[in-house]
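The values are calculated or read from the model by the stated rules, or taken from the named source; none is laboratory data. None of the values given here were measured: they were computed from a predicted structure. Virtual Cβ from ideal backbone geometry, glycine too; neighbours counted across all protein chains shown. Accessible surface areas use protein heavy atoms only, side chains included; no ligands, DNA or RNA. Shrake-Rupley method; radii C 1.70, N 1.55, O 1.52, S 1.80 Å.
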Amino acid sequence: MAQKPSIPKGTRDFGPEEMAKRNYIFNTIKDVYALYGFQQIETPAMETLQTLMGKYGEEGDKLLFKILNSGDYLNKVTDEELSERNPLHLASKLCEKGLRYDLTVPFARYVVMHREELQLPFKRYQIQPVWRADRPQKGRYREFYQCDADVVGSDSLLNEVELMQIVDTVFTKFGVRVQIKINNRKILTGIAEVIGEADKIVDITVAIDKLDKIGLDNVNAELKADGISDEAIEKLQPIISLEGTNEDKLNTIAKVLEGSDVGLKGVEETKFILDTLKVTGLNNEIQLDLTLARGLNYYTGAIFEVKALDTPMGSITGGGRYDNLTGIFGMPGLSGVGISFGADRIYDVLNALDLYPKEAVNATQVLFINFGEKETAYCLPFVAKARKAGIRTEIFPDKAKMKKQMGYANAKNIPYVVLAGENEINEGKLMLKDMQTGEQTLITIDELIATVSK
């Protein structure tokens with residue numbers, strides 16, 4: 001007996017209904033990106049390992065899917081090297097390419113390669129799959145999509161403002177209530193300075209970023225374990241648990257950071273973004289959260305994170321300002337800011353809240369029943385006319401029993417069925433059946449188009 005086929009762990013098949021939902025998400029995000037002047041690019045699924053290696057840290061290098069060289073891939077490897085079984089060394093001999101790990105490094109490579117063709121500031125968006133050789137578990141896959149938008153070649157904080165407007169517009173279109181959290185790397189650097197632990201900025205931010213997950217006591221224990229003094233931890237407490245309006249928090253933190261130029265610069269930048277957003281107006285709440293950290297080795301200015309309010313879920317969008325996107329490829333000094341929507345988590349949120357529009361999920365709108373050759377010949381011009389009018393229309397391909405054809409319509413959630421037998425042909429009309437109410441109406445093709453279009 002032939003072995004049942006399977007797919008690699010950490011990957012998924014998507015059926016028609018799932019694809020309809022996913023395309024609704026992607027198309028909504030694309031439409032909003034385009035509204036704000038972002039242009040789409042795509043990069044290859046595979047990049048050279050020279051491009052990918054060393055950009056994600058030692059752990060990231062291990063999670064890269066590497067592609068064996070074609071042909072005699074062992075010809076550059078000695079028996080001694082094979083017997084040593086050093087995976088990283090062997091990979092460097094056997095593989096020249098790998099699957100992209102994220103969209104950011106390929107984007108940096110793209111900007112450097114195409115610098116002369118680009119109009120700065122360059123506003124790009126990219127919606128493509130990425131691959132990570134991670135251990136698969138619930139909500140974590142080896143193949144998943146990222147929906148990134150970045151502006152490079154501009155230091156203006158208006159870019160941050162626009163990205164927050166994009167986030168707000170996308171989730172308003174989805175009908176999802178969210179809270180947008182904002183912070184600034186410079187504020188966090190300033191906090192580390194004023195508590196006397198400037199060299200421990202990464203340890204501090206990694207710990208306080210876990211506040212929601214592990215609670216204040218465990219955060220303090222982690223800070224202590226990282227070698228941060230009791231005095232510094234004590235100074236950190238009122239900052240971590242700061243409450244009040246965004247304005248109150250900014251005023252308080254400005255006083256705390258009086259001795260730190262970099263910290264005050266972060267306060268100034270955050271105040272500009274929040275004040276400007278007040279003028280433009282958002283449908284969703286934006287909150288200054290001084291515990292927000294988001295991988296601070298990477299970001300250098302404003303940072304953002306978005307959470308759904310009506311269903312438990314982690315971050316569904318994130319991003320921030322970085323100062324040296326292209327420096328890794330020898331072209332320093334190009335500042336950028338970007339966001340990434342988590343399509344898979346948004347999919348789960350919309351499912352949990354039942355927010356998919358019916359028209360986004362129901363593909364076919366009208367099914368013509370097949371009664372035989374004569375009836376089919378009569379229906380085909382009407383089928384063509386309905387499609388020309390933009391109505392998604394099928395005709396059942398076989399002369400099958402009515403029960404089977406109706407079962408097909410029900411299984412695909414097709415809202416209307418058209419029947420055309422001898423009586424309808426004699427009158428030059430069609431019988432339209434509403435599958436939800438069961439009501440049947442004798443109508444012309446123009447009346448059918450008008451009815452279904454509503």
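Go through 15, 71 for me and flag whichever is of a type outside the set (S, T, N, Q), free of Cβ contacts under 8 Å to residues at least 40 places away in the same chain and at positive phi. Don't jump to the end; show me each part of the working.
Numbers: 15 fails: at positive phi.
Unique residue meeting the criteria: 71.
Of all residues in region 219-232, count the ones that are touching a helix residue (DSSP H, G or I) at 6+ places or on another chain (Cβ under 6 Å) and open to solvent by 20 Å² or more (accessible area, probe 1.4 Å).
Initially, region 219-232 is screened for residues touching a helix residue (DSSP H, G or I) at 6+ places or on another chain (Cβ under 6 Å), giving 219-220, 222-223, 226, 228.
Those left that are additionally open to solvent by 20 Å² or more (accessible area, probe 1.4 Å): 220, 222, 226.
Result for region 219-232: 3.
Within region 52-106, the set of residues being of a type outside the set (A, V, I, L, M), farther than 25 Å from residue 340 by Cα and part of a loop (DSSP other than H, G, I, E, B) comprises 69, 70, 71, 72, 73, 75, 76, 78, 85, 86.
Is it fair to say residue 119 is open to solvent by 20 Å² or more (accessible area, probe 1.4 Å) and either modelled with pLDDT of 95 or more or assigned to a strand (DSSP E or B) (or both)? Walk me through it before giving the result.
Details: open to solvent by 20 Å² or more (accessible area, probe 1.4 Å): yes; either modelled with pLDDT of 95 or more or assigned to a strand (DSSP E or B) (or both): no.
Answer is no for this residue.
Looking at region 85-105 only, could you name the residues that are over 30 Å from residue 320 (Cα atoms) and either at pLDDT below 75 or not acidic (Asp, Glu) (or both)? Can you show your working first?
Going residue by residue through region 85-105, those that are over 30 Å from residue 320 (Cα atoms) are 85-96.
Hits for region 85-105 are 85, 86, 87, 88, 89, 90, 91, 92, 93, 94, 95.
Scanning region 123-157 for residues that are more than 26 Å from residue 34 (Cα to Cα) and hydroxyl-bearing (Ser, Thr, Tyr) turns up just one, 141.
Look at (1) in contact (Cβ under 8 Å) with a residue 12 or more places away in the chain; (2) more than 26 Å from residue 26 (Cα to Cα) and you find that residue 113 fails only one, number (1).
When you check residue 75 against the structure, is it loosely packed, with under 12 Cβ neighbours inside 10 Å and either at pLDDT 95 or above or not acidic (Asp, Glu) (or both), yes or no? Steps first, please.
Values: loosely packed, with under 12 Cβ neighbours inside 10 Å: yes; either at pLDDT 95 or above or not acidic (Asp, Glu) (or both): yes.
Against the criterion (loosely packed, with under 12 Cβ neighbours inside 10 Å and either at pLDDT 95 or above or not acidic (Asp, Glu) (or both)), residue 75 qualifies.
Among the helices (runs of 4 or more DSSP H) contained in region 152-210, which hold 3 or more residues that are surrounded by 22 or more Cβ atoms within 10 Å (Cβ to Cβ) and more than 26 Å from the chain's Cα centre (by Cα)? It comes to 185-194. Return the residues of region 1-23 that are among the hydrophobic types (A, V, I, L, M, F, W, C) and loosely packed, with under 10 Cβ neighbours inside 10 Å; say none if nothing qualifies. Those that are among the hydrophobic types (A, V, I, L, M, F, W, C) and loosely packed, with under 10 Cβ neighbours inside 10 Å: 1, 2, 7. Every test in (1) more than 30 Å from residue 110 (Cβ to Cβ); (2) within 28 Å of the chain's Cα centre (by Cα); (3) of a type outside the set (A, V, I, L, M) is passed by residue 388 save one, and that test is (2).
For residue 108, the conditions (1) surrounded by fewer than 16 Cβ atoms within 10 Å (Cβ to Cβ); (2) within 21 Å of residue 322 (Cβ to Cβ) all hold with the exception of (1).
Can you find a residue in region 32-47 that is open to solvent by less than 90 Å² (accessible area, probe 1.4 Å), part of a loop (DSSP other than H, G, I, E, B), over 21 Å from residue 351 (Cα atoms) and of a type in the set (S, T, N, Q)? Give the steps one after another, and end with the answer.
From region 32-47, those open to solvent by less than 90 Å² (accessible area, probe 1.4 Å) are 32-34, 36-38, 40-41, 43-45, 47; that's our starting set.
Applying the additional criterion that residues be part of a loop (DSSP other than H, G, I, E, B) yields 36-38, 41, 43-45.
Of the ones still in play, those that are also over 21 Å from residue 351 (Cα atoms) are 36-38, 41, 43-45.
If we keep only those that are of a type in the set (S, T, N, Q) as well, we get 43.
Within region 32-47, one or more residues are open to solvent by less than 90 Å² (accessible area, probe 1.4 Å), part of a loop (DSSP other than H, G, I, E, B), over 21 Å from residue 351 (Cα atoms) and of a type in the set (S, T, N, Q).
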